[in-house]
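Following: one structure in structure tokens, then a few remarks.
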Amino acid sequence: MTLLVLMALLYFLPTLIGHNKRAAGAIFLVNLLTGWTIIGWFVTLIWACMADPRPMVVYAGHGVHYCSRCGTPQFVGARFCSACGRVL
């Protein structure tokens with residue numbers, strides 16, 4: 001039983017690494033469908049390890065700017081979006 005759990009964790013390692021990426025659902029789907037092939041597993045692992053590009057912050061003037069990911073207005077000086085939690 002323990003071996004089976006360890007094998008499942010190893011199989012879904014790319015999904016576990018990429019769980020907080022923008023493309024987390026796609027990473028899971030590709031891992032699920034092609035993870036049984038060595039090439040598919042490594043491609044998904046590399047994709048999960050790649051850095052997400054930082055969202056651009058659009059300034060709207062006078063103390064307010066918007067998160068480029070979700071569009072929620074944020075105060076200048078905020079480090080994280082209050083709606084989606086991304087780093088500003």
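Just so it is clear, none of the values below were taken in a lab; they were calculated from the coordinates. Computed from a predicted structure; not experimentally measured. FYI the Cβ positions are ideal-geometry reconstructions off the backbone, even for glycines, and counts take in every protein chain you see.
Observations on the model:
- Annotation for Thr72 and Ile38: the two label points, set 7 Å from Cα along the Cα-Cβ direction, are 4.5 nm apart.
- Computed over the chain, the per-residue total of -39500 (n - 2.57) for DSSP H runs of n ≥ 4 gives a 222 nm mean residue ellipticity of -12500 deg cm²/dmol, rounded to 500.
- Relative contact order of the chain, defined on C-alpha pairs under 8 angstrom at six or more residues apart (%): 19 percent
- Helix axis angle, 2-11 relative to the chain longest principal axis, alpha carbon, degrees: 50 degrees
- For segment 32-44, the Karplus equation 6.51 cos²θ - 1.76 cosθ + 1.60, evaluated at θ = phi - 60°, returns couplings of 5, 7, 10, x, 6, 8, 5, 5, x, 5, 5, 4, 5 Hz by residue, with Gly and Pro reported as x.
- Computed P(r) (all Cα pairs; the chain; 10 Å bins; percent): 17, 33, 22, 18, 8, 1
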